[in-house]
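None of the figures in this text is laboratory data; all of them are computed from the coordinates on show. The shown structure was predicted, so the numbers you read here are calculated from the model rather than taken from an experiment. Cβ coordinates were reconstructed from backbone atoms using ideal geometry, including for glycine residues, and neighbour counts include every protein chain displayed.
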Amino acid sequence: MRFVKGHGTENDFVILPDPEGELDLSGSLVAAICDRRAGIGADGVLRVVRTKLSPEVADQAGEAEWFMDYRNADGSLAEMCGNGTRVFARYLVDAGLAEAGEFAVATRAGVRRVRLAETGDVAVDMGPPRVLGESRATVAGREYGGLRVDMGNPHLACVIGDPVAGLDLTRQPGFDPGAFPHGVNVELINAVGPRRIVMRVFERGSGETRSCGTGAVASAVAAAHLAGETTGSWEVEVLGGTVTVTLDGRTSHLAGPAVLVASGELSF
Ligand SMILES: N[C@@H](CCC[C@H](N)C(=O)O)C(=O)O
C-alpha cells in the first residue's frame, strides 16, 4: 500500500491514495498505521478517493473530484479536519491530481474550497462557524468555561486567561456528554496580544496534537466573542507553529503551511 506522510503545523497525517475506492480501511488498520512506535505514526489518516465513488459524499461529486476521507488516530471517523484539508490539497497538487490555484475538496462536512499560495501556504474556506452556547471542560480537576462551536465537527473552546503551557493534557478533559453526545475536541486558549492567541488542543480520537485547524477557528471565534468582535484576522500559536484565522461575519478561513515529508510502501 503506497503512502505519503505530511503535516500542517505538525498536525501530521498518513495519506493513502485510493483513487478507485478499493481499500478496505478498517478502524484497526488506521490505528495500526497511526501508532507512533509500531506504525508510521500520525494524528490521522487521509484517504484520497474519487468523490463519485464514495456513497456518503457522492452528492458533492459535481463540485469536488476528490473526497478527503479523514480518520482519527484511534480509527474513528470525523466530519472535518482543517489541517487535513490543507495537507490533502498539497498532496493533490504534488501528485498531479489537481491544478495549483483554487479548487474544491469533498468532506463529510460538505465541500471546502482550498487555495495554494505561491508562498507555499495553503488556505481553506472552513465555512461559517456555528456558536451553540456555553459549556464547561475539566482539566486536571479544574473547571473552565468555554464556547461550543460547531465547525462541522464539535469543539469546546475555552479562553482561560492564563498561560496554557503547563496544562496537563495527557488525558481527555472532562466535558458534558449531554452537550457533546459524539465527543468533543477541547481547546484551551490564552489571549496574548491584540488578535493573537495561544492554543493547546485535546482532539477527540487522537489525544493532544500539535495543531488543529478546526480548533484554531473555534478558538478565534471564542476569543472574538469575548472581545465583542465578529470580524478580523487572528494569529493562532500552536505547539507546531502558527496559523491565521480570518472571520468575515459570513465564513471563516484558515491559512498556514502544509508540507509533504516522506513517501513509501506500507507492509500492513
Ligand atoms: N486535526 C483536525 C481535526 C481532526 C478531527 C477531530 N479530531 C474530530 O474528531 O473532530 C483539524 O485540523 O481540524
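Some observations on this one:
- Checking every one of the GluC sites (Glu not before Pro) in segment 71-131 against DSSP loop status and a limit of 14 other Cβ atoms within 10 Å picks out E99, E118.
- Antiparallel DSSP beta bridges within segment 1-80, percent to nearest 5: 70
- Among I33, I160, I15, the largest mean-square fluctuation in a Gaussian network model of the chain (Cα springs under 10 Å) belongs to I160.
- Taken over segment 138-268, the alpha-carbon convex hull comes to 138 cubic angstrom per residue.
- Structure remark: mean-square fluctuation, Gaussian network model of the chain, C-alpha springs under 10 Å; the largest value among R250, R113, R210 belongs to R250.
- Of all beta bridges that DSSP places with both ends in the chain, some 85 percent have antiparallel geometry.
- Between V164, V236, V184, the Gaussian network model of the chain with springs among Cα atoms under 10 angstrom shows the greatest mean-square fluctuation at V164.
- Translational diffusion of the chain was estimated from the Stokes-Einstein equation, with Rh taken as the Kirkwood radius over Cα pairs; at 37 °C and 0.692 mPa s the coefficient is 179 µm²/s.
- The slack in the chain from L77 to D94, taken as 0.36 nm per residue of separation less the alpha-carbon distance, amounts to 3.6 nm.
- Computed from the C-beta positions of L266 and E118 and an R0 of 22 Å, the FRET efficiency is 0.10 to the nearest 0.05.
- For the chain, the mean residue ellipticity at 222 nm estimated from helices alone is -4000 deg cm²/dmol, where every DSSP H run of n ≥ 4 contributes -39500 (n - 2.57) and the total is divided by all residues, rounded to the nearest 500.
- For segment 130-250, the antiparallel share of DSSP beta bridges with both residues in that region comes to about 80%.
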